[in-house]
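The values are calculated or read from the model by the stated rules, or taken from the named source; none is laboratory data. Here the structure is a predicted model, which is why all the values come from computation and not from measurement. All Cβ positions, glycine included, derive from the backbone under ideal geometry; neighbour counts span all protein chains shown. For accessibility, only protein heavy atoms count, side chains too; no ligands or nucleic acids. Shrake-Rupley method; radii C 1.70, N 1.55, O 1.52, S 1.80 Å.
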Amino acid sequence: MPEITREEVAHLARLSRLALDDHELDGLAAQLDVILGAVAQISQVSDAADVPPTTHAVPVENVTRPDVVMPSLHRDDVLAGAPAAEDGRFRVPRILDAEEVRGQEQRHE
């Protein structure tokens, strides 16, 4: 079973430039020990040739609903709550200058 010491965690924290107090070092040492133990258990599997690759441990099914048009708020009511509106649309501050917009348009051509 792997065992990572508090000093090793402190060394990793220094290398990562993380300022951890004693309580955090103790907690992380315990957590990392559990993680390394799990990895060690997985590495003991010697014959996984018949195990199909998967992304999830249990079957995952995408849950969706039909795309149905439903009644909604009136546009003027929605825009009444906006900080700024113009021509029936939300007005937002510009975040790209003209040169950036041209560059994005060229990338999509």
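Per-structure values
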| item | result |
| --- | --- |
| Selection from region 6-35 of residues that are among the small types (Gly, Ala, Ser) and in contact with a Lys or Arg (Cβ under 7 Å, 6 or more places away or on another chain) | Ala29 |
| Every residue from region 55-88 that is in contact with a Leu (Cβ under 8 Å, 6 or more places away or on another chain) and part of a loop (DSSP other than H, G, I, E, B) | Gly88 |
| Checklist (1) of a type in the set (Gly, Ala, Ser); (2) at pLDDT below 85; (3) open to solvent by 100 Å² or more (accessible area, probe 1.4 Å) applied to Ala48, failing item | (3) |
| Every pair of residues 6+ apart whose Cβ atoms lie under 9 Å, when the first sits in region 36-54 and is outside any loop (DSSP other than H, G, I, E, B) while the second is open to solvent by 90 Å² or more (accessible area, probe 1.4 Å) and modelled with pLDDT of 85 or more | Leu36/Glu3; Gly37/Glu3 |
| Residue count, region 7-25 (criterion: open to solvent by less than 80 Å² (accessible area, probe 1.4 Å) and touching a residue at least 12 places away in the same chain (Cβ under 8 Å)) | 4 |
| Any chance Thr54 is open to solvent by less than 100 Å² (accessible area, probe 1.4 Å) and of a type in the set (Ser, Thr, Tyr) | no |
| Residue that is of a type in the set (Val, Ile, Thr) and either at pLDDT 95 or above or closer than 30 Å to Glu3 by Cα (or both), where the choices are Val63, Val39 | Val39 |
